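The values are calculated or read from the model by the stated rules, or taken from the named source; none is laboratory data. Only a predicted model underlies this, so the values are computations on that prediction, with no experimental measurement involved. Here Cβ is always computed from backbone atoms with ideal geometry, including for glycine, and neighbour counts include all displayed protein chains.
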Amino acid sequence: MILWIVLTLMIALAAVGLAIPLIRPGGALDRRSTSAGVLKAQLADLDRQAEAGTTPAEDIAALRLEIERRALAEGVEPAPKGRPLGEKALIRLALGLAAVVALGGAGLYALLGRPDLPGAGPRSAAAAAAPADAAHAGADVQAMIVQLEGQLRQTPEDVNGWRMLGWSYFQTGRFAEAAEAYGRAGALEPGNAEHYSAQGEALVQAGGGQVTPAALTAFRSALRADPQDPRARYFIAVEMDQRGEREAAMTAWIDLINSAPEGAPWAAEVRTFVEDLARERGVDISARLRPAPAGAPPVATAPVAPGPTAAQVAEAGAMSPADRQAMIQGMVGGLEERLRTSPRDRDGWVRLMRARMVLGDSAAATAALRNGMRAFADSPAEQAALTEAARGLGVPGA
């Protein structure tokens, strides 16, 4: 009802605006007749002054000549061409235009308008801007990272905050910044090998897969803190292989597998990687590898930057629990979104499954496994590796 009232008022205003100039009384005056009347009044005023004797005769004569000259000049102006419409005709024209505007506007709205649609008031706009579900949590990732950065500027001695920030950067592909954050955590807690090995892996990712000198330094720092750190041992062997020391690298990898603790969440994937590499190079290493534990669950992946444990998440930064949980969900959502556009990333699917399991969302981890399997539908070897990784993580349905 309000809409129709507003439309009616708008149409009425438009019609009035068109009609007023046409029906205004008096119309346009003839310029010549107006000027002649003024001059005639001036001559009459001179006659009155002459009769009263208030003005000298010479001045009156001069003024009369001037007025008569102006009257002659006005008289030679061309008369207006054509004659305007009569008053009744103008009224009829104004009413006709108003009717056309009113009927035309109403007709167009009846044909094209949508009065059934809801308005876009403040409440509707806010509802449209709100995320539809948790799948859109990635939109707030950057804001959450900024918030954590702000917390760390106020409490730069927070080791868990730097570790959390490093993991957040890593999951969103900001590997150089992840390495810097992990380095800050290592400086605050030098006895924790995980900080250095995570820093090293971030540097490897930032270097396009190459174990750079800076990454090698980080891995060596990790081994000084813990000589058995599996991630550091793995990537140091990778650096050997990249330098051409293939046999030394293979020996290092074999030693890593043979010394793996029972149930280590990386041993099966490293074994698969080493066996595939040896097969490609025509090297028989079966006698050098200890047999895989019977019935032991294979693992997620070669040592990679882990997602936060539940304890780490609870300790990270000075953020409120709700903000912290939202940030974690946003990171994982960002990784999932990236995998949708670039699904041929086995390590990415493994990281997503691990993150979902750490967050206690086993159903989402199972969904990630299914999506990863579809992405590698043409590669049974990659599917087998994903299945092994999922089993190592305890993903349901693996």
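Can you confirm whether S342 is under 23 Å from the mean Cα position of the chain (by Cα) and either small (G, A, S) or in the same structural domain as A178 (by TED's automatic domain parsing) (or both)?
Considered against the rule, which asks whether it is under 23 Å from the mean Cα position of the chain (by Cα) and either small (G, A, S) or in the same structural domain as A178 (by TED's automatic domain parsing) (or both), S342 comes out as yes.
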**Matching residues, segment 146-184, being of a type in the set (A, V, I, L, M, F, W, C) and either buried (at least 23 other Cβ atoms within 10 Å of the Cβ) or touching a residue at least 40 places away in the same chain (Cβ under 8 Å) (or both)** = L148, L152, W162, M164, L165, W167, F170, A178, A179, A181
**Request:** Any residue in segment 233-252 that's farther than 13 Å from G200 by Cβ: show its pairings with residues that are among the charged types (D, E, K, R) and surrounded by 14 or more Cβ atoms within 10 Å (Cβ to Cβ) at Cβ separation under 7 Å, as long as the two are six or more apart or on different chains.
**Result:** A249/D241; A252/R233
**Asked** When segment 349-365 is examined, which residues are found to be surrounded by 18 or more Cβ atoms within 10 Å (Cβ to Cβ) and either in a helix (DSSP H, G or I) or modelled with pLDDT of 85 or more (or both)?
**Response** W349, V350, R351, L352, M353, R354, A355, R356, M357, V358, A364, A365
**Message:** Restricting to segment 255-274, give me the number of residues that are in contact (Cβ under 8 Å) with a residue 12 or more places away in the chain, farther than 12 Å from R233 by Cβ and surrounded by fewer than 16 Cβ atoms within 10 Å (Cβ to Cβ).
**Reply:** 2
**Asked** Of the residues in segment 189-212, how many are of a type outside the set (D, E, K, R) and either at pLDDT 95 or above or crowded, with 22+ Cβ neighbours inside 10 Å (or both)?
**Response** 11
**Request:** Sort out which residues of segment 347-398 are among the small types (G, A, S) and within 22 Å of E262 (Cα to Cα), and write them in order of number.
**Result:** A384, A385, A389, A390, G392, G394, A398
**Asked** Residues that are modelled with pLDDT under 90: which helices (runs of 4 or more DSSP H) entirely in segment 232-318 hold 2 or more of them?
**Response** 267-281, 310-315
